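Trainee: The structure that follows is given in the form of structure tokens.
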Amino acid sequence: MRSMRQRRVRLSSSSPTFDVFPLLALPLIYFNFMVFAVYGVDQAQINTWLAGPAFQITMFSGTVWAMTQADVIVAAGMGLLFIEILKSVGSPMLSLVNHGIAVMTLLFFAVEFMSIPGFTTSTFFLLGLMQLIDVIAGYTITIVATRGLSR
């Protein structure tokens, strides 16, 4: 009888730094820069910035589709969350380091959201929620992938 070999798919990049760095830290860094360096912690200015238009596109129907700064930040976060979930399938050792750093990033989201006035926005909350989903999904995927390797 022939033994069947399972083929394992490994998603990894050539850069261990990319595999370890939590990509959802990028919107966190951007938001921190805008709050501290550009607008200060003035809640009114930050809300005005987030509600401001990012771009407008005229569709074939003639209607104008506009996105706010907040929409663009959340959309970018969703794209990065997708990439983060794909990265969870990679090397178990690098994934564990990535998950540890992701938990620290989640703590930054939580502390800033609860304690600094400029970060108490729905946009920042949604970014933090994406980070929470990344942490939970990352650990879950790593555990399931590791079980598959030991069978």
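Trainee: If Ser122 meets every condition in (1) of a type in the set (Gly, Ala, Ser); (2) on the phi < 0 side of the Ramachandran plot; (3) over 17 Å from the mean Cα position of the chain (by Cα) apart from one, which number is that one?
Mentor: Failed condition: (3).
Trainee: Sticking with this structure for a sec: Sort out which residues of the range 120-135 are in a helix (DSSP H, G or I) and either modelled with pLDDT under 95 or not aromatic (Phe, Trp, Tyr) (or both), and write them in order of number.
Mentor: Ser122, Thr123, Leu126, Leu127, Gly128, Leu129, Met130, Gln131, Leu132, Ile133, Asp134, Val135 - these are the residues of the range 120-135 that are in a helix (DSSP H, G or I) and either modelled with pLDDT under 95 or not aromatic (Phe, Trp, Tyr) (or both).
Trainee: Please work out if Gly77 is surrounded by 14 or more Cβ atoms within 10 Å (Cβ to Cβ) and either of a type outside the set (Asp, Glu) or outside any helix (DSSP H, G or I) (or both).
Mentor: So Gly77 fits the description; yes.
For (1) under 28 Å from Ala145 (Cα atoms); (2) modelled with pLDDT of 90 or more; (3) small (Gly, Ala, Ser), each residue gets a yes or a no:
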{"residue": "Ser12", "(1), (2), (3)": "yes, no, yes"}
{"residue": "Val41", "(1), (2), (3)": "no, no, no"}
{"residue": "Trp65", "(1), (2), (3)": "no, yes, no"}
{"residue": "Leu81", "(1), (2), (3)": "yes, yes, no"}
{"residue": "Glu84", "(1), (2), (3)": "yes, no, no"}
{"residue": "Leu94", "(1), (2), (3)": "yes, no, no"}
{"residue": "Ile101", "(1), (2), (3)": "yes, yes, no"}
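Trainee: What is the number of the single condition among (1) at pLDDT 95 or above; (2) hydrophobic (A, V, I, L, M, F, W, C); (3) within 19 Å of Ile116 (Cα to Cα) that Phe60 does not meet?
Mentor: Phe60 satisfies every listed condition except (3).
Trainee: So which pairs qualify, if the first residue must be in the range 51-62 and free of Cβ contacts under 8 Å to residues at least 40 places away in the same chain, the second must be outside any loop (DSSP other than H, G, I, E, B) and exposed (fewer than 10 other Cβ atoms within 10 Å of the Cβ), the Cβ gap must be under 9 Å, and the two must be at least 6 apart or on different chains?
Mentor: Close Cβ pairs satisfying both conditions: Gln56/Val64; Ile57/Val64; Thr58/Val64.
Trainee: Right, here's the next one. Would you say Pro27 is of a type outside the set (Lys, Arg), in contact with a Gly (Cβ under 9 Å, 6 or more places away or on another chain), at pLDDT 90 or above and surrounded by 10 or more Cβ atoms within 10 Å (Cβ to Cβ)?
Mentor: For Pro27, the condition - of a type outside the set (Lys, Arg), in contact with a Gly (Cβ under 9 Å, 6 or more places away or on another chain), at pLDDT 90 or above and surrounded by 10 or more Cβ atoms within 10 Å (Cβ to Cβ) - is met.
Trainee: Right, next: Name, by its number, the condition in (1) over 23 Å from the mean Cα position of the chain (by Cα); (2) acidic (Asp, Glu); (3) within 30 Å of Gly100 (Cβ to Cβ) that does not hold for Asp42.
Mentor: Going through the list (1) over 23 Å from the mean Cα position of the chain (by Cα); (2) acidic (Asp, Glu); (3) within 30 Å of Gly100 (Cβ to Cβ), Asp42 breaks only (3).
Trainee: Do we find a residue being in a helix (DSSP H, G or I), surrounded by 15 or more Cβ atoms within 10 Å (Cβ to Cβ) and either in contact with a Phe, Trp or Tyr (Cβ under 6 Å, 6 or more places away or on another chain) or among the charged types (D, E, K, R) (or both) anywhere in the range 137-146?
Mentor: Looking through the range 137-146, none of the residues is in a helix (DSSP H, G or I), surrounded by 15 or more Cβ atoms within 10 Å (Cβ to Cβ) and either in contact with a Phe, Trp or Tyr (Cβ under 6 Å, 6 or more places away or on another chain) or among the charged types (D, E, K, R) (or both).
Trainee: Looking for whichever is hydroxyl-bearing (Ser, Thr, Tyr), at negative phi and either in contact with a helix residue (DSSP H, G or I) (Cβ under 7 Å, 6 or more places away or on another chain) or surrounded by 19 or more Cβ atoms within 10 Å (Cβ to Cβ) (or both) here; the options are Ser115, Ser95. Which one fits?
Mentor: After applying the criteria, what remains is Ser95.
The values are calculated or read from the model by the stated rules, or taken from the named source; none is laboratory data. Quick caveat, the model's predicted, so the values are computed rather than measured. Backbone-built Cβ (ideal geometry, glycine too); neighbour counts: all protein chains shown.
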